[in-house]
Amino acid sequence: MTHWLYLPELASTGTAAVLEDTEAAHAVRARRLREGDVVCVFDGAGRTAAARISEVIKRPLKVHLALEAQQHWALPEVRIHLTSALPKGDRQTTMLDMVTQLGMTDFTPVNFERSVSRAGTGSQDRWRRVLIESCKQSQRPWMPLVHSSIDLAEWISGPSDDGVVNLVAHKEGESRSAVIEESLVEAKQVRLLVGPEGGLSESEFARLHQTQTTMVSLGEGVLRVEAAAVALTALVTQTLAHSRIGSRLDKGSA
């Protein structure tokens, strides 16, 4: 398996580049890469390039790379925007790591009436490091965008154009896969909403019912925030893949 390394200045680096600090340590100490090894570098903005390690300098640690032709990947066909209450502590890392691997393109923390955790100083920097590592693991050339915290009213007043689908995780919501798949057929952006572990308040639930949203059941149990976020993201990415493949097959047989 080709290892992925993060190189944010890839667009302007030419045919040679140098990894330093955290990324150099990841390559040499964590991945045990050596001179002559081939890797893939990515900038998180859709660019990748094959690279060969030309030299490793131990003090200070630097990894020199010889780069081949770059490739620019198109944006995902459907944006998957997770808007979620924040779980406590390290569970935020678990959630963001997994939903990035599954294909989330945007993340926005939402403050609910019963929220326990809120974004603090340094949260976005910490989350960004998680997203970089997750993109390496899942080999995704586009790193998710992280947006500032909002409240539920801002989410409700968000985009309502054709192609925008709003799905809300809720125990008493829709569970029939055919209904969920039908709602995603023409989707260009899917906005996912996951509430706090204390649940939505009565007023929040009533406001959501007045909007164009689909409540989606994720099973009989009561899930933690991160479990619900991962389950809902997985359901959407799998359904989108299935519906897109089916659509292509139908067009091919027409």
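Coordinate-derived values only; no laboratory data. None of these values were measured; they are calculated from a predicted model. Glycine also receives a Cβ, built like all others from the backbone with ideal geometry; neighbour counts cover every protein chain displayed.
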What does the extension gain come out to for residue 207 and residue 35, with contour length at 0.36 nm per residue minus their alpha carbon separation?
56.0 nm
Region 84-175, relative contact order in percent, only Cα pairs under 8 angstrom and at least six apart counted:
34
Counting other beta carbons within 10 Å of each residue's own, what order do 56, 168 fall into, fewest first?
56, 168
Count charges around residue 162 for me, please; just the other residues with Cβ under 9 Å from its Cβ, Lys/Arg as +1, Asp/Glu as -1.
-1
Using a 10 Å Cβ count of at most 14 others and DSSP loop calls, identify the longest part of the chain lacking such GluC sites (Glu not before Pro).
78-185
Stretched fully, the stretch from residue 137 through residue 185 gains (0.36 nm per residue minus C-alpha distance, one decimal, in nm) 14.4 nm
Please compute the modelled spin-label separation between residue 54 and residue 241, points set 7 Å along Cα→Cβ, answer in nm with one decimal.
3.8
One finds, for residue 73 and residue 124 with R0 = 22 angstrom and r their Cβ-Cβ distance, a FRET efficiency to the nearest 0.05 of 0.35
DSSP-defined beta bridges in region 79-250 - what % are antiparallel, rounded to 5
5
Distance in nm between residue 91 and residue 177 label points, each 7 Å along Cα→Cβ, equals 2.8
Among 3, 242, rank each residue by its count of other Cβ atoms within 10 Å, from fewest to most, as a rough exposure measure.
242, 3
Counting other C-beta atoms within 10 Å, which of 164, 28 has the fewest, and how do the rest follow?
164, 28
